[in-house]
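Each remark here refers to the structure printed beneath this line.
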Amino acid sequence: MLTFTLRRLALFLFTMMVLTLLSFSLSFLFPGDTVINHSGQINATATDLAKLNEAYQMDKNIFRQYSAYLQHIINGDFGQSMASQSPISNEIIELLPATIELSLVALLIAMLVGIPLGFIAAINHNKTSDNAILSFAMIGYSIPVFWLGLLAILLFSIGLGWLPSSGKISLLFEIEFVTGIQFIDILLSDSPYKWQAFNNASAHIILPACVIALAPATIFIRLSRAAMIEVLATSYIRAARAKGLNFRQIIFRHAIRNALIQIIRHVGLQFANLVTLAMVTEVIFSWPGIGRWLIESISQRDYTAIQSGLLALSCFIFIVHILTDFIYAALNPLARGNNHGS
Amino acid sequence: MAREKIYQEEVFPSPFMQLWGIFRKTPVAMVGFCCFIFLITLAIFAPIISPYSPVESNLEMILLPPAWHPDGNVSYLLGTDELGRDMLSRLMYGTSLTFGLSFIVVVFSLVIGVVIGSLSALTRGFKSSFLNHFLDVILSIPSLLLAIIIVAILGPGIGNTVWAIAIVFIPQFIHITRYAVKEEFRKDYVLASRLDGASNFRILYYSVFPNIVERLMSQATLAQSAAILDIATLGFLGLGAQIPLPEWGAILANGLEHFYIAPWTVYLPGLAILFAVVATNLVGEGIRHALKLRKES
Amino acid sequence: MAVSMMNFKFIHFLTVAALISSIMGCNEGDISSLSERSIIYCSEGSPETFNPQLSTSGTTSDASAKQLYNSLIVYKGNKNTLAPSLASSWHVTRDGKKITFYLRQDVNFHQTSYFTPTRKLNADDVLFSFNRILDKDHAFHQISGGQYSFFQSVKFSELVEKIEKINDFTIRFILKRNDSSFLANLATDYAVILSEEYGQQLTTQDKQHEIDILPIGTGPFKLQDYRVGSLIRFYRHDEYWQEKAKIEQLVYDISPNKSNRLTKLLAKECDVSSYPIAHTTIAERSDLTLESITSLNVGYFGFNTQKAPFDNKLVRQAISLAINKQALIDTIYQGQAARAKSILPETSWAYDSETPELGYDPVRAKSLLEVAGYAQGFTMDIWAMPVQRAYNPSAVTMAKLIQADLKKIGVKVKIITYEWSTFLRRLSMGEHQSFLLGWTADHPDPDNFFTPMLSCTSREKGSNRTFWCNKEYDELLKKALTTTNMSKRKGYYAQAMTIINEEMPLLAIAHSKRFQARGTDVKGDILENFGGISFYDVYKSNNVSNTNKVMAPNKKAKVID
């Protein structure tokens, strides 16, 4: 486990280096002055500029510049947004949790729906229910997420009036910002309308989370179906069957456990996919998360925000990636000896 | 393959033809394949067969519903949009933009990816490990996110979107080629031709590629369905095709404003995207299914 | 991670439970009383500041002027007569140069988490508010940039000689000359009264810049929370000098995307929506009402009179004659606008129904072009603004239509558009040949159309992008300002419009309406006559008696904490 941890740590550091390098080089690739792209201070006076050049060591060689940039990042200074002129780190701290919350709920929905369906399909391999589930998976995988979001709003918010269409909570409720994760903040708040707020927030998250969850759920269907078919073909299952265990015991005691381990490996990669879907969905459901902010920043050409938003988002995705690797390794000792990172 | 038959020998179809034999027998996959061919034809011939211009407005025919609606007009089969442009023509032209471009993008990145991937498969040591990790990092960033960032650098527009998506897909092809080539290189038949004195390039070209081409195709269909969705999504977000262009995602975004009065301006492009992606996925699914059957046989 | 995953599983369980309960409709009760006492307004953008003195943007004044502040006097009623507000009465000397205001003595400023007033409004506050604009050495003049656009455009500092405090509740403006639009300017949304005591507090704390970010005023609402791009939350000002507002909470849900605003309105997530689209859909719904007010604006097609061939007035006339204005109005505004005869809309008191209009006559246009020496036609460019405004919802589409019209008289058109700020910058440098733009008046005084749009002075610094300058026209405007006789003024303006019609520096196209949609349960007037909004009179009708009951003080105090 120690070498495994060290390997992952090395990979993590390597990735962070690549990501910061990427975001550092974005400042050069974007139009405009590099130091202004770094700092976002578009209204800087000549003296401000001199100070910034000093701080980012722009007169030194490229390595010194990079290390100066890195230092700023480590100190939590992402510069300020060119559009709103407020510190980007504040905006990220405010927006990233909303995205995390939404994507985690969506991930849970995707897993809770996708994995059992995949198992059912595998158990009924090549039967009607298998084909039905696979066809559903195909459609779900192919449907453009923004279109699905629109249809969902039209049906559930406007047609039936069941669920709200935008935002993460009705604006009437005032929830103080503590962690940024809405549900936790509501529970921590002392508002007299706590439970109404909680219900309201739940109603708000259902629609976007389900829309995001559809495509990953279909992938979980395929993954769990494949894993289950593989497990059911193994010799230990045959042995169990030969011992006279009934179907229920075989599936619940042996097959599911082993199949699940295979699936957990893929959660990390699926999560990255899911966050991207969340970015688009946030636009449609006006969810105040980092995806919507990033897309707005692009249309406003707010380069400092794009650069830092990308860094924060990909760090987050990568951290989840590594964490799932750890969970997988903890559950499956065989994986720890694996030589390469993938 | 014009080879003279000297010996009375049973002819083995090439791996690719074997695959096609199996593929042909799967009805669903063939349906997908026909749709795919249909879309490609449409993409090529859209300017010839579409009844109207996709960008010129006709102010007498604003927001006309599709023909089956009581208020519809048969000469505008799928209705018109807020400037009186024929939806059918726009969707046809959109096929060349969304579907056609995604096809070109995938072919382009496939070629580049295979070249880099096979070269890198032959390297070892630190360079290889570095590349491995680098690819891991790139592949852990979702394609759409990466495309969005590249568009942010290049600026919005359909041309830049195409470049962005092409760049984004190259790493996956590098990765899969590299992996497949390495795997093949460990096999005995490669060793055999190596013992015959074949150069690396010769082995790659004559021995390895015919054996991995279906895997690449299967990856290509996955990439294309993603490319269609990415081009459409970028168009929808206003980062891809710009306003008058009839790109499906952009048509949909354009229709949003009239969603409640003219829902067909949103339903139709959405259905078109869905249709194209399903067709592509059916083909890919067919290839994977055939691959699996061939392995088993 | 594992721990937080557990948490999420738990939360997920609750989510599902909440879904069930919300579908069952169990959670009405309290939330409905909360929403009955509040209004959610879907607004179209984020305000740049909370001080309307600083900006002429409609979004900014909508979010600040009538909600947070009061001015000395206001316009009231359908006839737009001046009425008292913070000044209970005023007196103008015969020569029109001395204007004395007598202030109310019972006006409280907002009490908020960042400021607690110790005194009521007095003359110092009025002095503070106007000296900030007038006096370049004033401690607060340069805070937030020192640009007081509205006051600069009406040359306020050249007009006012000084402001005198007579006693604590009497204040006198001394003008350099008589100006009949002076009182009108003081009644605009821009001439608000700030708190001098708050200014002092900020000075001692060295946080002067906060004066426009965390505002203190006397208006019916006070600011509770502002998140750029997301929301503005106002609470009722309970010590308001008039009867306090009927709603306790006012939330601006900032939704720049127009289809998002419509969705929120249809899904009942906002009570009132600004600038709605899909008017027919809203009109069809029995639970929504669509209302509109003719706002004082004009959308126009202007020519750069400094550039050939538009330095020739015959060409300008020919082009204007060739444009089918009615078709533009029907397509672009979808009938929601009145055709403009000249730059002044029908709602202005100075409007003259006799104003001549050029009309649509492509045959005459063609012959005029021949006279001007362009029988073969020519190629020109049209600059179309990239943003949507009430006076022109889609300039690019309009440019396309004009392109088709002009093709018929042999004139080829290239359509040019830039990103908004670039567009405005390049226009001010005069790079264009012709352009589509518009003007929204800040107050009902007709001068607000004539001077900024077409006078010689505004050619240099203001907003006259036709670069047209006509001495006779300017002379008429000057005469109109120095007289207080309404019918005389009207006469001067009619003459000015005749000159415009003859010279054609621009072709006025339409005066559009400002639209707003709301749920039928929302009562009270919101739209003001000059395009602004006020939520002071608004309430929800379902349960008026019940509203009073739930306003029990202890409960409310809790909400505010």
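Read the figures in this text as sums done on the coordinates, not as results from a lab. The structure presented is a predicted model; accordingly, all values stated were derived computationally and were not measured. Cβ sites come from the backbone with ideal geometry, for glycine too, and all protein chains shown count toward neighbours.
Odds and ends about this structure:
- Neighbour cut-off at most 11 other Cβ (10 Å), DSSP loop, trypsin sites (Lys or Arg not before Pro), the stretch C:72-128: C:79, C:94
- Rounded Å value of the spacing that divides the Cα centres of the stretch C:147-166 and the stretch C:471-506: 24 Å
- GNM flexibility winner over chain B from B:168, B:31, B:106 (Cα, springs under 10 Å): B:31
- Approximate spin-label separation residue C:349-residue C:242, in nm, with each point projected 7 Å along Cα-to-Cβ: 2.0 nm
- Among the residues of B:281-291, the average count of other protein chain beta-carbon atoms within 10 Å of the residue beta-carbon is 1.
- Distance from the stretch B:269-297 to the stretch C:373-409 (C-alpha centre basis), Å: 49 Å
- Toward the positive end of the charge dipole of chain A, with +1 on the Cβ of Lys and Arg and -1 on the Cβ of Asp and Glu, the farthest Cα among A:310, A:231, A:210 is that of A:231.
- For a modelled paramagnetic label at residue B:202, 7 Å from Cα along Cα-to-Cβ, the residues of the stretch B:167-194 in reach, with backbone nitrogen under 16 Å, are B:189-194.
- Cross-link pairs beyond the 22 Å C-alpha cut-off, checked among C:66/C:136; A:168/C:264; A:60/B:127: C:66/C:136; A:60/B:127
- Remark: A:331, C:175 ranked as A:331, C:175, counting other beta-carbon atoms within 10 Å and listing the fewest first.
- With a Förster radius of 41 Å applied to the C-beta separation of residue A:252 and residue B:130, the computed FRET efficiency comes to 0.35.
- Sites matching trypsin sites (Lys or Arg not before Pro) across the stretch C:446-510 that sit in DSSP coil, with at most 14 neighbouring C-beta atoms within 10 Å: C:461
- Per-residue average of Cβ from other chains inside 10 Å of A:162-173: 6
- 10 Å Cβ shell holding at most 12 others, DSSP loop, GluC sites (Glu not before Pro): longest site-free stretch of chain B: B:61-297
- Here the dipole of chain A is about 2020 debye; that uses its Cα centre as origin and unit charges on the Cβ of Lys and Arg (positive) and Asp and Glu (negative).
- Here's the picture: charge each Lys and Arg Cβ at +1 and each Asp and Glu Cβ at -1 in the protein assembly as shown, and of C:167, C:331, B:167 the one pushed furthest to the positive end of that dipole is B:167.
- Distance between the 7 Å Cα→Cβ label points at residue C:484 and residue A:151: 7.0 nm.
- Net dipole in debye of chain C [+1 Lys, Arg Cβ; -1 Asp, Glu Cβ; about Cα centre; nearest 20]: 700 debye
- Going from the residue with the fewest nearby Cβ atoms within 10 Å to the one with the most, B:115, C:298 rank B:115, C:298.
- Among C:54, C:232, C:342 - extreme Cα towards positive end, dipole of chain C, charges at beta-carbon: C:342
- Chain C: DSSP helices with Cα axial extent of at least 30 Å and average Kyte-Doolittle hydropathy no lower than -1.0: C:2-24
- Basic side chains Lys and Arg get +1 at the Cβ, acidic Asp and Glu get -1 at the Cβ, and with that the dipole of the protein assembly as shown about its Cα centre reaches some 2660 debye.
- Out-of-range pairs (alpha-carbon distance over 18 Å; input C:155/C:479; C:268/C:523; C:313/C:479; C:155/C:478): C:313/C:479
- Shown for A:185, C:225, C:447, B:188: other C-beta atoms within 10 Å of each C-beta, ranked fewest to most, produce the order B:188, C:225, A:185, C:447.
- Between B:172, B:219, B:18, the residue with the greatest mean-square fluctuation in the GNM of chain B (Cα pairs under 10 Å linked by springs) is B:18.
- In loop segments of the stretch C:349-458 as defined by DSSP, the trypsin sites (Lys or Arg not before Pro) with at most 16 further C-beta atoms inside 10 Å of their C-beta are C:408.
- Span from the the stretch C:288-328 Cα centroid across to the the stretch A:103-146 one, whole angstrom: 58 Å
- Amide N of the stretch C:358-396 lying under 14 Å from the label point, which is placed 7 angstrom from the Cα of residue C:412 along Cα→Cβ: C:376-382
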